[in-house]
Amino acid sequence: MAVLDKRTSQEIINLENKYGAHNYHPLPVVLSKGDGVYVWDVEGKKYYDFLSAYSAVNQGHCHPKIVGAMTKQAETLTLTSRAFFNDQLGPYEEYLTSYFGFDKVLPMNTGAEAVETALKICRKWAYEVKGIPENQALIIVADGNFHGRTTTIISFSNDTNARKNFGPYTDGFISIPYDNIEALEEVLKNNSNVAGFLVEPIQGEAGVYTPANDYMMKVKNLCNQHNVLFMADEIQTGIARTGSLLAVCGDCNCQNACERQETYARPDMLILGKAISGGVYPVSAVLADDAIMNVIKPGQHGSTFGGNPVAAAVAIAALDVVNDENLAQNARKLGKMFREKMQDFISTSTIATLVRGKGLLNAVVINDTEDSDTAWNICMRLRDNGLLAKPTHGNIIRFAPPLVMNEEQLLDCTRIIIDTLKEFEK
């Protein structure tokens, strides 16, 4: 450990390049410590974190309540597998279903696992409840989606980098344009074997593509009309990130999901991950009511680590923090402030053309082509100026700080971002 402590950032980067698979292209900064909205590199330089581990660290780095829950449980019982009951899972399942307003939850570990779980449940429901002939169920997805990188998921992705040379691909999916309710209606009218529609309320990886305000409600209504399951992937958008507990909550001011809110497009299946654990442990979940979830029987789906005691304790603490610290309300207020400040700059800028988003999930579109390195170079300069962000789709920079950020910190960050962008004005 003493040897590791003396290694420079470049030496550690060299180790990853030599011994690790090259499946990521990280910004060249080596982080060794995090606290709240800040991270530090191995040389001790301090940065604002404006990625939040792709919105997994909504509650801030190393939140003491969440870390405390993990540490306490890890010292008592870590894993039993689902071959036995454990004293944490049942209370967690009761807590989670009450928190989000569903009958049942199927616990998993990662976001991609949760998406795969939802797809399996949807298909089984289609055959056993809806009556679609076996192996003929179709699931609708949206162009530009990002639900993970498993073989099934990349089968319906338009990301050629994620797809190429990983085939053969899985059949059974129909892709339609995102934020196009007419396209969804057309497919539903002409395909009686549609089982479900899998969609992100905001497409984060696509560049924080935010649909029309009424899109989710129209999706919900169409799915109801055609007896099709509406599956909301809230892995990145959920847990207060967009200014509501869930992005499908629309503009409601409630802290918990509430069916009485007219803006709440309640999904038939809710897919959660990332910030459900506050970023300290892999936790994901699929929630649904009994009429859907009861199609799963013993031995038909599971995971050795899914529903383990540490995950249960961590997730309860992480969701408690969201309530106790009013993180949805804070994200809503600071997100509005961020977009207003950025829009003021963009109105006269030649380097940035658009800011979009909701809550504290936002993106700035850079005035260059997708194959340019301008956005990457801006992120490198942001790093030099003490703020960490990452490009997506070439010319888009995503800005998503921990939701524990305060107004003073946000204003300091907008200053850093604007000053940095000015260095690239054409």
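Of all residues in the range 196-245, those being more than 21 Å from Gly111 (Cα to Cα), outside any loop (DSSP other than H, G, I, E, B) and touching a residue at least 60 places away in the same chain (Cβ under 8 Å) number 0.
Within the range 382-426, the set of residues being of a type in the set (D, E, K, R) and closer than 28 Å to Gly278 by Cα comprises Arg383, Asp384, Lys390, Arg398, Glu407, Glu408, Asp412, Arg415.
Contact map, the range 395-416: first residue surrounded by 15 or more Cβ atoms within 10 Å (Cβ to Cβ), second residue of a type in the set (D, E, K, R) and at pLDDT 95 or above, Cβ cut-off under 6 Å, separation 6 or more or different chains; pairs are Thr414/Lys341. Among the residues of the range 212-239, the one identified as surrounded by fewer than 24 Cβ atoms within 10 Å (Cβ to Cβ) and either of a type in the set (Ser, Thr, Tyr) or closer than 19 Å to Phe399 by Cβ (or both) is Tyr215. If you filter the range 1-10 down to residues that are in a loop (DSSP other than H, G, I, E, B) and without any contact (Cβ under 8 Å) to a residue 12 or more places away in the chain, you find that the one that is surrounded by the fewest Cβ atoms within 10 Å (Cβ to Cβ) is Met1. Of the helices (runs of 4 or more DSSP H) that lie entirely inside the range 50-160, those containing 1 or more residues that are farther than 26 Å from Asp320 by Cβ span 111-125, 151-154. Restricting attention to the range 106-120, the residues being surrounded by 24 or more Cβ atoms within 10 Å (Cβ to Cβ) and in contact with a Pro (Cβ under 7 Å, 6 or more places away or on another chain) number 0. Consider Gly335 carefully, then state whether it is on the phi > 0 side of the Ramachandran plot, of a type outside the set (Phe, Trp, Tyr) and touching a residue at least 60 places away in the same chain (Cβ under 8 Å). Answer is no for this residue. Kindly indicate the residue of the range 178-195 that is in a loop (DSSP other than H, G, I, E, B) and within 22 Å of Arg356 (Cα to Cα) and also farthest from the chain's Cα centre (by Cα) among those meeting that condition. My answer is Asn180.
Within the range 417-426, the set of residues being surrounded by fewer than 19 Cβ atoms within 10 Å (Cβ to Cβ) and at pLDDT 95 or above comprises Ile418, Asp419, Lys422, Glu423, Phe424. Inspection of the range 398-409 identifies no residue that is hydrophobic (A, V, I, L, M, F, W, C), under 17 Å from His25 (Cα atoms) and within 23 Å of the chain's Cα centre (by Cα). Only a single item in (1) closer than 25 Å to Met380 by Cβ; (2) β-branched (Val, Ile, Thr); (3) in contact with a Pro (Cβ under 8 Å, 6 or more places away or on another chain); (4) assigned to a loop (DSSP other than H, G, I, E, B) is not met by Ile13, and it is number (4). Of all residues in the range 272-297, exactly one satisfies the criterion of being on the phi > 0 side of the Ramachandran plot and assigned to a helix (DSSP H, G or I), namely Lys274.
Here Ser175 passes the criteria (1) outside any helix (DSSP H, G or I); (2) crowded, with 19+ Cβ neighbours inside 10 Å except the one numbered (2).
Scanning the range 27-86 for residues that are loosely packed, with under 14 Cβ neighbours inside 10 Å, small (Gly, Ala, Ser) and free of Cβ contacts under 8 Å to residues at least 24 places away in the same chain yields Gly44, Ala83.
The values are calculated or read from the model by the stated rules, or taken from the named source; none is laboratory data. Since the model is a prediction, treat every value here as computed from it, not as a measurement. Glycine also receives a Cβ, built like all others from the backbone with ideal geometry; neighbour counts cover every protein chain displayed.
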